[in-house]
Amino acid sequence: MPSRFSKWPRTGISGTEKGSALVYILIAIALLAALTISFMQPASQQTQSQNSFKLTADLSSQVEFIRTNIQECAVVYSKGDSGIGNGSETSPPAIPPLTDLGANKNFPVKPTSTRLINPVTPVNAPNLVKDLRCPGNPGDDPNHTPIFNGSSGKFMPPPPALFGDWQYYNGLDGVFYWIASDKTDAYILSALQKLNAQFGVCEADVIDASTSAKDLDNAGTISCPLKSTCFRMWMISHKADVAPVTKKSKFPDEPSCP
């Protein structure tokens, strides 16, 4: 005899339906876990990539800003300062004694030069790009005008995070400027390599001083510090014949360069 409740629809869930629902729940959990992992791991890689790209862009902008202003100084004031050089100048006015022997008188002299009146930094201090003055402006007057200051309307921006100030060299090995970082962030080397790829062979170089300091000039007066990575930009790279030794521009990590 049929039950008097048989006319009502069944509202329960069969075992098969319960199993199917459980499968869907497990699939949803697995997908959520996979999605979470995909957001966590690539996020770190994406952050590294973004940091590398931003650092490369920041450094590239500063490299060009510095180069443009140094070149402008050399072109606009092409006679430079006759009191600076390697001793070969014969045209008057001769101003003995010459200072900064081996330096190119048309390019900014190092800020610690004794040629300058009241050098902006002590003799043993780093020669910072932000303190450069333009020889020839004015003439042979050693009180040369700073390249980056309020009167010129050109201001040297602060270096990118994780890096020290840009430094400068003008001597027997040529004219160049460089920047160093002693941080270990993985994207720093990647950014410097990308930056280096923007320039010609031997026009720029990346120096790895992770295991030992690397000399940047042949005389060993400046170096990429121990446990640092440096990027250097050349303005002039040359072989200097100075008795009794013939010296070449120093490329510590670029064996293919002269």
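Here Pro138 clears all of (1) touching a residue at least 60 places away in the same chain (Cβ under 8 Å); (2) in contact with a Ser or Thr (Cβ under 8 Å, 6 or more places away or on another chain); (3) surrounded by fewer than 15 Cβ atoms within 10 Å (Cβ to Cβ) except the condition numbered (1). Just to be sure, is Ser49 at pLDDT 90 or above, of a type in the set (S, T, N, Q), out of contact with any Cys (no Cβ under 7 Å at 6 or more places or on another chain) and not in a loop (DSSP other than H, G, I, E, B)? Spelling it out, it is not the case that Ser49 is at pLDDT 90 or above, of a type in the set (S, T, N, Q), out of contact with any Cys (no Cβ under 7 Å at 6 or more places or on another chain) and not in a loop (DSSP other than H, G, I, E, B).
Which residue out of Val63, Val75 is surrounded by 14 or more Cβ atoms within 10 Å (Cβ to Cβ), within 27 Å of Arg133 (Cα to Cα), of a type outside the set (S, T, N, Q) and modelled with pLDDT of 65 or more? Outline the logic, then answer.
Numbers: Val75 fails: surrounded by 14 or more Cβ atoms within 10 Å (Cβ to Cβ).
Matching residue, one of Val63, Val75: Val63.
Of all residues in the stretch 61-76, those that are touching a residue at least 40 places away in the same chain (Cβ under 8 Å) and under 18 Å from Asn137 (Cα atoms) have Cβ atoms under 8 Å from Cβ atoms of residues that are surrounded by fewer than 21 Cβ atoms within 10 Å (Cβ to Cβ) and aromatic (Phe, Trp, Tyr), 6 or more apart or on another chain, in Asn69/Phe148. Of all residues in the stretch 198-220 being among the β-branched types (Val, Ile, Thr) and surrounded by 14 or more Cβ atoms within 10 Å (Cβ to Cβ), which is farthest from the chain's Cα centre (by Cα)? Filtering the stretch 198-220 for residues that are among the β-branched types (Val, Ile, Thr) and surrounded by 14 or more Cβ atoms within 10 Å (Cβ to Cβ), the one farthest from the chain's Cα centre (by Cα) comes out as Ile207.
Among the residues of the stretch 225-240, those identified as under 17 Å from the mean Cα position of the chain (by Cα), in a strand (DSSP E or B) and not β-branched (Val, Ile, Thr) are Ser228, Cys230, Phe231, Arg232, Met233, Trp234, Met235. Restricting attention to the stretch 149-197 and to residues that are surrounded by fewer than 16 Cβ atoms within 10 Å (Cβ to Cβ) and polar (S, T, N, Q), the residue that is farthest from Val129 (Cα to Cα) turns out to be Thr184.
The values are calculated or read from the model by the stated rules, or taken from the named source; none is laboratory data. None of the values given here were measured: they were computed from a predicted structure. Positions of Cβ are generated from backbone atoms using ideal geometry, with glycine treated the same way; all protein chains shown enter the neighbour counts.
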